[in-house]
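Each remark here refers to the structure printed beneath this line.
Every read-out reported here was derived from the displayed coordinates using simple, explicitly stated rules and does not represent laboratory data. Computed from a prediction, not measured in an experiment: that's the story for all the values here. Reconstructed Cβ throughout: ideal geometry from the backbone, glycine too, with neighbour counts over all protein chains shown.
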Amino acid sequence: MVGTPRCVILDDYQGVATSYADWSTLPVEVETVREHLDEDATAAVLAGAEIVVLMRERTPLTRDLLDRLPDLRLVVTTGMRNAAIDLDACRERGIPVCGTSSSKTTTAELTWALVLGLLRQVGAESRSLAAGGWQTTVGADLAGRTLGLLGLGSIGSRVARVGAAFDMDVVAWSPHLTQERAAGGGARLVGRDELFATADVLSIHLVLAATTRGIVGARELDLLRPTAYLVNTSRAGLVDTAALLRSLEAGRLAGAAVDVFDTEPLPAGDPLRDHPRVLATPHLGYVTQDNYRRFFTEAVADVAAWLAGDPVRVLN
């Protein structure tokens, strides 16, 4: 390595990456990119860079892109899972891919912000009040209703505990969930179809994989009652978006809250941006002060360890 290494931080949308960690401790030239770039623009920005820091799955690091980056020596991603990185291609090129820890609470907290915002029409009422209106909708209740959890892992179980605090009946299903694990996570195990048919609020908390992609399709949405609400803070690929929009348009679903999208950032004009039955947020599940501090502080530590030749945390 000749001269000062270049480290590029991609997709720093809020322009805060360098304020949540002390990058000056590193003997590298740090650059940040705030706008989301396509592959050609990304290749141009990363030309000559030895180190790239990725924020979650905002920019895909594909085999084709890696072929255009002969100087790249290290990849750091926030979190210890990133499906947008071609790990095999990185291994073949001898490029380590390091990760950081990530909060297990932030997405669960946002899930409840969306549930409450959706059922109590917070967005619509706030806009109405700003425009001079007063009490234009009637909200739905949580107490006594059924919270259906599609997935009961570390996030789903946190959502379950809050549901119980709201006096909801909490039920869950996932492909490998057992009665014992469901009880330990604060829920009753039910069958897959029963989950959809009985949920007043269906909240999705599965990992996106080949076996779970599209697990909520037209059939599952048709099982939901017209008074039910769907909340997705997990991954867009778990839900058939076109089928979801058809259900909303046909009145077969009371509403949906969505924090994740098939294409991010969400294109202008996408129907999810301003649908009257959709509460949409721009993938805020992990976007908190403490989590950003954790992400970027540990990213600095990863780079420092790599430069020193010390062991680094590598994604599987």
Open item on the list: Full-extension gain between Ala124 and Arg161, please, as 0.36 nm times their residue separation minus the C-alpha to C-alpha distance.
Closed with: 10.5 nm
Task: Under 13 Å, Cβ to Cβ, from Ser102 - net charge with Lys/Arg +1 and Asp/Glu -1 - done: +3
Task: ³J(HN,Hα), Karplus 6.51/-1.76/1.60, whole Hz, each residue of the range 144-149, x for Gly, Pro - done: x, 8, 9, 9, x, 10
Task: Linear extension gain, Thr211 paired with Asp64, 0.36 nm per residue minus alpha-carbon span - done: 50.3 nm
Open item on the list: Charges at C-beta only: +1 for Lys and Arg, -1 for Asp and Glu. How large is the resulting dipole of the range 119-234 about its Cα centre, in Debye rounded to 20?
Closed with: 260 debye
Task: Difference of contour (0.36 nm per residue) and Cα-Cα distance, Arg192 to Gln289 - done: 31.3 nm
Task: Computed helical MRE - 222 nm, the chain, DSSP H runs ≥ 4 contributing -39500 (n - 2.57), nearest 500 - done: -9000 deg cm²/dmol
TODO: Would you mind counting up the charge near Arg34? Only other residues with Cβ under 13 Å from its Cβ, with Lys and Arg at +1 and Asp and Glu at -1.
DONE: -3
- [ ] Could you pull the Rg and Dmax for the range 106-280, using just the Cα atoms, both in Å?
- [x] 15.6, 52
Task: Phi-based couplings in Hz for the range 183-195 (Karplus 6.51, -1.76, 1.60; Gly and Pro marked x) - done: 4, x, x, x, 9, 9, 6, 10, x, 4, 5, 5, 4
Task: Local electrostatic count at Asp71 - Lys and Arg +1, Asp and Glu -1, tallied over other residues with Cβ under 9 Å - done: +1
- [ ] Amide H neighbours of Gly255 under 5 Å, at least 5 residues apart or on other chains, H built in the peptide plane: list them.
- [x] Leu230
Open item on the list: Tell me which GluC sites (Glu not before Pro) from the range 73-168 have a DSSP coil assignment and no more than 10 other beta carbons within 10 Å of their own.
Closed with: none
Task: Per-pair calculated FRET efficiency, R0 = 30 Å: Ala218 and Ser154 via Cβ, rounded to 0.05 - done: 0.50
